[in-house]
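So the structure is just underneath, and the comments pick up after that.
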Amino acid sequence: MESREPFFVAVAERLIAQLEAGTAPWQKPWKPGESPAQLPINPVTGKHYQGINMLQLMAHGYADPRWMTDTQAHTMGAQVRPGQFGTPIQYWKFSEELVQTDEQGQPLLDALGAPMNERVQLERPRLLLVTVFNAEQIDGLPPWPLNPQPDWRPVARAEKILKASGAVILHGEHDRAFYRTETDSIHLPAKAQFATPDDYYAIALHELGHWTGHALRLDRDQSHPYGSAGYAREELRAEIASMILGEELGIGHDPAQHAAYVGNWIKALRDDPLEVFRAAADAERIYEYVLGLEQQQELLQDQEDWQEAAIVVAAPVPNHTPDAAQQPAQAQEQTAAQVLRQMLELLPATQPTPYMQAKGISPQPGVFTDRTGRDTYVPVIDAKGKQWSLQTIAADGSQHFPPDSRKEGCFHAVGGMAALARAPALVIGESYASAASLSQTLGFATVAALDAGNLPAVAQALHAKFPHKPVVIAGDDDRHLELTRGSNPGKAKAQEAAKLTGGTVLLPIFGPGENSYPAGLAAITPQVWRAHLRTGNALGAPQLAALARMQGKTDFNDLAQTSVLGQDGMDRQVRGVVRSLIDRQVQQQRAQRQLAPMQRAARLGAG
């Protein structure tokens, strides 16, 4: 049974005991080809647990990396075995739904007499605990492969990460490997001195972890001398990050060279149990920062390839002013080049920006921020991977694109194009927030088409690129616009996109009264709305309140974050539909493979 001590004390004491025994998660060595201690994952959301939750779950020593709540186990047709004790993990709540009140503190009611709610940011995020169970404690789950094969050669990817970082790496230190803050350089022995390439890259990436702490990057305190407690704390961060990267790349993990710091680590945790929280959080930032630089380099390389190709195929340009037909295309190319230069100044978003916090979404690969961490930058690409634009989302949620940038047929792939290629379905939403919420729910990459009008073009382009994936158009339900404009563009464009691709339309279904106009109120028509815009008095307060409530309940992010149905409603509405479409596609493909030999035989017989 879990201790009733404060969460941070219980975690620290468990890790202290394991450090003394040499069994803490980052003290366990493993080599390529062996079954590593895989990072804990939630199989329902498809997301890895992060920071202190990752260490807390790994410390329990289960071979199966899957962890979930009792409720999530039920959604998978499984159940926690009677008598099993769960493991607590923590998460932060940044916003909550509150009842609106008047000046006297009385609840504001809508036209039907129901309290009117609003989502507000908490002044101080609230720490909550939730209990999860390991798959080995649950009956009814499919077996987990203990040694899954990596997607690509890990050593090649490790070299790619080192190059993407741009770090200065010097060889020839014989028996030493270290990062020097004063010169911002990594020093390693010659590659030939390492027993295997995996050993070399494991050490190099450990030192790259230290490199991220420079003031120009993640800005950690690296002023402590060798052998000091402060130096050991920095080593703890790099060692945990090295373990995570080793798992990600499949290159192994050898903690032997850092065994000298164990005593300092134990003392640090005894003196301040919260130190393990800070170390785990910093290690997660190192991991995300390093992989973010890799993704940024891939994006920039794609754009350079496009530019080189354009130079090769470009015809000689006559010395005259381009006509009107040429000007938009040239302006879009110029803007794309400007965006590429702007990307060089941005950083991978490793922590939620204010916009992400307000929308309840976590940072995803391929999204960036500036050095202040306030604005969110979402790259916009076409189906071939060329970046044309960059959506900027301010802290207050306002959004804009560079003037003259191309948007038609362009989109953002939540998680990146490589992840989208692996996704079992094409799930396309309008906004980034809606697509990110869908991705968090489904556990695979989704697409943001940026607006309703762009849904058909994006769906066609991606369906042509991935013709064997089922298409789901997760549209907005703009019922408030039916009242004020006489049309529902979110629904209409989603239907058009689905018709063009043979896809399925999925619209969010909200709780009673959340996205419908009260029957007891005077009707709002486009004519009445235009009159109100002219005079300001054609609509009463109850009508305006109903309209505002409907406007705040249109997409899947609203469903997950502000509806009374919440994430459970999101899960019920999305997962079953998408899973059934994927299963149907798999069955159709299996049937086609089975028919193919008979069809070939029939053709041969006819000949």
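Only the coordinates and a few stated rules stand behind these numbers; no lab work does. Nothing here was measured: the structure is a model prediction, and the numbers come from that model. We place every Cβ from the backbone using ideal geometry, glycine too, and count neighbours over all the protein chains shown.
Comparing Cα centroids, the stretch 407-440 and the stretch 501-538 end up 28 angstrom apart.
Counting neighbouring beta carbons within 10 Å and listing from fewest to most, the residues LYS499, LYS407 come out as LYS499, LYS407. Arranged from fewest to most other beta-carbon atoms within 10 Å of their beta carbon, ASP476, ASP558 become ASP558, ASP476. Taking amide H as placed 1.01 Å from N in the peptide plane, VAL132 has its amide H under 5 Å from the amide H of THR87, ILE89, each at least 5 places away in sequence or on another chain. In this structure, the pairs whose alpha-carbon distance is over 24 Å, taken from LYS384/LYS553; LYS359/LYS386; LYS47/LYS493; LYS407/LYS465; LYS47/LYS553, are LYS384/LYS553; LYS359/LYS386; LYS47/LYS493; LYS47/LYS553.
May I ask you to derive the relative contact order of the stretch 341-407, considering only C-alpha pairs under 8 Å and at least 6 residues apart, and to give it as an integer percent?
Details: 113 pairs, mean separation 16.6, N = 67.
Relative contact order here is 25 percent.
Taking amide hydrogens as placed 1.01 Å from N in the peptide plane, the amide H of LEU108 sits under 5 Å from those of GLN100, THR101, ASP102, MET116, each at least 5 positions away in sequence or on another chain.
If you take the beta carbon distance between ALA492 and LEU274 as r and set R0 to 56 Å, what does 1/(1 + (r/R0)^6) give as a FRET efficiency, to the nearest 0.05?
Working: r = 53 Å, r/R0 = 0.94.
Calculated transfer efficiency: 0.60.
Amide H to amide H distances under 5 Å link VAL414 with THR446, VAL447, ALA448, where only residues 5 or more positions off or on other chains count and H is placed in the peptide plane. On full extension, the segment bounded by GLU159 and ARG485 gains 111.8 nm, given 0.36 nm per residue less the C-alpha separation. For the pair GLU13 and TRP92 in one chain, pulling the backbone fully straight at 0.36 nm per residue adds 26.2 nm over the alpha carbon distance. Remark: spin-label model distance ASP404-VAL528 equals 4.6 nm, labels positioned 7 Å along the Cα→Cβ axis. Note on GLU96, GLU275, GLU13, GLU234: ascending count of other Cβ atoms within 10 Å places them as GLU96, GLU13, GLU275, GLU234, the fewest first.
Residue by residue, the stretch 185-201 carries 3J(HN,Hα) couplings of 9, 9, 10, 9, x, 4, 4, 5, 7, 8, 5, 9, x, 4, 4, 4, 5 Hz when phi is fed to the Karplus relation 6.51 cos²θ - 1.76 cosθ + 1.60 (θ = phi - 60°); x denotes Gly or Pro. Phi angles of the stretch 474-483 translate, via the Karplus equation with coefficients 6.51, -1.76, 1.60 and θ = phi - 60°, into HN-Hα couplings of 8, x, 7, 10, 8, 5, 5, 6, 4, 6 Hz per residue; Gly and Pro are given as x. The slack in the chain from ARG180 to ASP370, taken as 0.36 nm per residue of separation less the alpha-carbon distance, amounts to 65.8 nm.
Seen from ALA241, the other residues with C-beta closer than 10 Å to its C-beta sum to a net charge of -2, counting Lys and Arg as +1 and Asp and Glu as -1.
On the beta carbon distance between LYS47 and ALA229, with R0 = 41 Å, the FRET formula returns roughly 0.75.
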